[in-house]
Structures are given as C-alpha cells and as structure tokens.
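Participant: Sharing a structure here in structure tokens format.
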Amino acid sequence: MKRVFLFLAITLFFLSVEAQEALTPQQIREYNKTQEIEKIEQERKTKISEYVSKLSELERKISEEKVWMKSYSSYLASIDVKDGLKKIRERIAYLKNKGSSLIDKDELNSLLSKEKILSSQIDQLKDRDGALFSKLLTPPEIENIPTITNPFDIFTGISVIKTFNADFSEFKQKKEQLTELISLISKEKEIYDLLIDIDNEQKYFEVAKEKAKQLERFETALDTMMVTAEVYEKRLEVIEVNINRDIEKQMYRLGNIGIVVLIVLIIFALLKFVIKKYITDNDRFYMANKIINFVNVTLILLILFFNYIENVNYLVTILGFASAGIAIAMKDWFMSILGWLVIVFGGSIHVGDRIRVIMEGTEYVGDVMDISLLRITLLEDVTLTTYVTNRRAGRIIFIPNNYVFTRMIANYSHSSLKTVWDGIDITITFESNHKKAMHICKLITKKYSKGYTDITRKQLNKIRSHYSLKNTNVEPRIFSFIEANGIAISSWYLTNAYATLTLRSIISTEIIDAFNAEYDITIAYQTQKIHIQSVSKREKPFDANEVV
C-alpha cells in the first residue's frame, strides 16, 4: 500500500514539472500576478473583517456610556424634529398660498396634524435642543451655605461639606466617563479612516464624517467641563475653608463656655459643701440646696444665652413676644412658676411642713416632701381628716404651685410652730355635776399636753417680733354648752401637729374612765322614750243623744 502511494506521488510530481515547462513566460507572469492580486484581496478582506470586529467591540463599549450617549441621541433627535418641523411649516405655507386642488387640501390637513405632533415633541425636548449636554455640563448648584453660629450648626456644616464633596465627585466621575467616551470615539474614527483607505465605499465616508462631528462635539463638551470643574472646585475649597473656620471658632467658643460652666459648677459644689457643714437643720438645708440648684441652672442658661445671642435688642424682643405667648398658651405653668417663687422666697411653705389643701372638693392633709418648679409633692398622713372624711391615707398628692393664689392652703407647722389646737367634745346629762366634769377635763388635758404647752409658749415668744399676737394663752381651755340631749364639755389643748390622733385617743379614754368613776357624772347619749298604752274600752265623752 505504501508503495502505491509513493508511486502516485512521484507521478504527480513529474506531471506538474512537465506542465510548467509547457507554459510560456508571459503566462507564468500573469499567473503570478493573479495569485498576488488574490492574496492582496484576501488580506484586504481579512483587515476589513478585523476592523468591523473592532468596531463592534467599540460600539458595545460606547453604548455602556448611557448618560452621555442618551443625551447626545436626544440632542440629535431634537435637531431632526426641529428640521422636520421647519420643512413641514414651509410646505404648509406653500400649500396655503398656492395649493387649490383637493389633493393639496388633503396634504395640507395631513401636514397640520404632523405639525401638532412635532410641536408637542419639541416642547418635550426643549430643554435638550438649546445646548448640547446642558444638564451634564452644569455642576450642582451651591445654595443654602450654612452660617455656623452655635454648636448644633457644626453638624450641619460637616454634612454640607460632605454633600458638596459627594456632588463634586459625581461631577468628576461624569468627566472621567466623558474622557473615556472620547477615547473610544477617537479609536472608532481611526478605524473608519483605515477602512476608507482600503475600501472606498460611500457608507464609510458618511460614517467617518458623522464620527468626526460627534468627536468634535464631545471634545468641546470636555473642554467646557474641565473649565467648569476647575472653577467649581475652587469655589468648593473657599466654602469648605469658611465652614471649617466657623466650626473651629465654635469649637473654641464651646471650649471656653465649658471651662466657665465647669468653674461655676465647682463654685456651687463648694457652696453646697459649706451649707451642708454649717446648716444642721434638714429643712433649711433642703431649701438652701434647692435655691442653689435653681441659681446654678439659671446662671448656666444665661451664660449660654448671652454667648449665642449676638443682638441683645433682638433677644429682648423675642423674650417679650415669647412671654406674651407663654402667658396666654401656658397660663397654668406660668402661674405655677410664679407660685414657686412666692413659696420659696415668701417662706409660707417649707419642705417638711404639714399642710391642708382642698382640691376639687376633697380635703388633703399631709407632709410636704418636695417643692419643685411646678408643683408641691405631699405625703398624705393618718389624721383626723382621713379618719372622718377620706378614710384613705399614704397617697402621694401633687399640688400645682398656682394653688397658692386660688386655693386656701393651711400650714400646721409654719415658722417652727409645730403644735396645733385640738378639741374633744363629750356630753353629760343635765343631772350631772358639770363643774366637776369641767375640772376633771382640765386636769387631764393639762397633764398630757403640758410639754406641748411649754414648747408653744417659747415658739410664740420667738415669732412675736414678726407677727401681731393678741391672744398668747397656751393653757388648755374647757368650755360647756347646752345641747339637746345634755351638756357638752369641749376640751381644747395643744398637741403635736404631726401626732394629733395619738394624744386625742389617750385623752379621750382618760376622760371616759374618770367620768365613769364619778357617781354624779353620767355620760349622755341620744335616747328615745317609748310610751306604751294598753287597749281598753273607754267611755264616750258625751251622750250621743245629747243635743249640743
């Protein structure tokens, strides 16, 4: 088999050599020229195919730049619509002047409809046909530049700087995209020029001409954008420097204010330490501590206020209008603050005092736990009021400070006067020895209230210089009154304002035991007498037949 193939190959070789020897030199030259032309044509087609492939790849990359290409397409569309509208209007004018046939009228009506459609399209594209890339070439507007006048504006300034930088970064990104797009279009134009060199088709000339025009427009846009970006960047730098300077100024001011406030806090802390050391009375210490806290907070607020209000006259005007508005809209709060000033500086009520107040028809008696800017906090205690009226105790009662102007508030322990008068009523029969009963009541009340009587006498002597006191009798007082069912013995004595029920209970039981021990004293109580008559036949008072 190998021998057969070898024989065939040798035969073909000798045949080709003989054929060449048979061709003339002219034929051989023509043959070689034809082969060269075919080779050149093949190379040309190969290059065209390569260029077309590269153009397809470039077109794909160019299409990715959607922002710029979409704007450019819209610009071209607006120009086409505008040119088409111009031609239609020229034709409409011609038909209106010279068209008289039915066909001309139909054409005129058709063109009028097209004119309306194109006019609406022009209205939609009017922001694109004025200038190419007008929106893309315009950087974001710089407006509402904040003025840093207080610490809260610092965050606003930082936020504005970040926003401006983000907008400028987006603008620079568009510029980079445009630069990349110009590079792609330039490469595309070069390939079309190469295609024109190897292929003289008309379509390549037209496309190359359009690409040159497109490249020129994009390069013009890039030049404009570079100048705009440079100016915009310098303006942003100036704005950022000004904002940073204002922020630094506010930080410096805030630091100074912080130092001043810290000094004020240290001074008031030392003042609290001094009053705690030298004021032993808890009530006085509490009130002094409250006043110091109020002055401390007020002073700090004034420091902040006058540091951040540039125009004092403006401040006075604002406070005037604000006070009027507060007085109308927040009358109760405003009156409570005035009430707090009256209570604190007037000294009518102190923390620890026992007071009685009537709110919406309910009477409350308790001890003052706290006096804040808006209300008094009261702890309701077990008193005669809770025993007789409320049957409740231990509640926390909140009393608005404005009640000092509109309600009656009784203070049981004002000006260190810690005692009050309390009374016990007991009724004896008319046959009882009422003088002896009064004497017994006096001895008992005097015995158990002696300590409070002495304390009250000393306290009244102390406050005599501040108040006009006409009756300073502190001894127990016994009164007798005629009642419907006997003689009422009313015993009045001084007792601790915070423990009235305890002494009342002791004295009441002592009086009852003493009265029961006496044979001529009988405790009276409400009684009823029932008269029972037996049923019997009674004679008539007169004769029925008697004539009157």
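Participant: Scan region 146-180 for residues that are of a type in the set (D, E, K, R) and in contact (Cβ under 8 Å) with a residue 60 or more places away in the chain and jot them down.
Facilitator: Scanning region 146-180 gives 153, 174, 180.
Participant: For residue 13, are the conditions met, namely being farther than 30 Å from residue 177 by Cβ, surrounded by 10 or more Cβ atoms within 10 Å (Cβ to Cβ) and at pLDDT below 65?
Facilitator: yes
Participant: Now for a different question. Pick out the one residue from 469, 443, 460 that is more than 14 Å from residue 420 (Cα to Cα), in the same structural domain as residue 427 (by TED's automatic domain parsing) and at pLDDT below 90.
Facilitator: 469
Participant: Let me ask another. Do the conditions hold for residue 107, that is, is it modelled with pLDDT of 70 or more and not β-branched (Val, Ile, Thr)?
Facilitator: no
Participant: Another question about this same structure. If I filter region 147-154 for residues that are at pLDDT 70 or above, assigned to a helix (DSSP H, G or I) and among the charged types (D, E, K, R), do I get at least one hit?
Facilitator: At the first step, the residues of region 147-154 found to be at pLDDT 70 or above are 147-154.
Restricting the remaining residues to those that are assigned to a helix (DSSP H, G or I) gives 151-154.
If we keep only those that are among the charged types (D, E, K, R) as well, we get 153.
Yes, region 147-154 contains a residue that is at pLDDT 70 or above, assigned to a helix (DSSP H, G or I) and among the charged types (D, E, K, R).
Participant: Right, something else. What are the residues in region 371-402 that are among the polar types (S, T, N, Q), surrounded by fewer than 15 Cβ atoms within 10 Å (Cβ to Cβ) and more than 46 Å from the chain's Cα centre (by Cα), if any?
Facilitator: 389 - this is the single residue of region 371-402 that is among the polar types (S, T, N, Q), surrounded by fewer than 15 Cβ atoms within 10 Å (Cβ to Cβ) and more than 46 Å from the chain's Cα centre (by Cα).
Participant: Can I ask one more? From the list 125, 118, 112, 194, which residue is over 20 Å from residue 73 (Cα atoms), of a type outside the set (D, E, K, R) and at pLDDT below 75?
Facilitator: After ruling out the rest, the residue left standing is 112.
Participant: Shifting gears a bit: Report yes if some residue within region 402-414 is free of Cβ contacts under 8 Å to residues at least 12 places away in the same chain, under 30 Å from residue 357 (Cα atoms) and in a helix (DSSP H, G or I); otherwise report no.
Facilitator: Yes, region 402-414 contains at least one residue that is free of Cβ contacts under 8 Å to residues at least 12 places away in the same chain, under 30 Å from residue 357 (Cα atoms) and in a helix (DSSP H, G or I).
Participant: Going by what's in this entry, would residue 144 be described as more than 30 Å from residue 214 (Cα to Cα) and modelled with pLDDT under 75?
Facilitator: Working: more than 30 Å from residue 214 (Cα to Cα): yes; modelled with pLDDT under 75: yes.
In short, yes.
Participant: Have a look at 285, 294, 305 and point out the one that is modelled with pLDDT of 75 or more and not basic (Lys, Arg).
Facilitator: Checking each option against the conditions leaves just 294.
Participant: If you scan region 403-430, which residues turn out to be among the acidic types (Asp, Glu) and either closer than 22 Å to residue 376 by Cβ or surrounded by fewer than 17 Cβ atoms within 10 Å (Cβ to Cβ) (or both)?
Facilitator: Hit for region 403-430 is 425, nothing else.
The values are calculated or read from the model by the stated rules, or taken from the named source; none is laboratory data. It should be emphasised that the depicted structure is a prediction, and the values quoted were computed from it without experimental measurement. All Cβ positions, glycine included, derive from the backbone under ideal geometry; neighbour counts span all protein chains shown.
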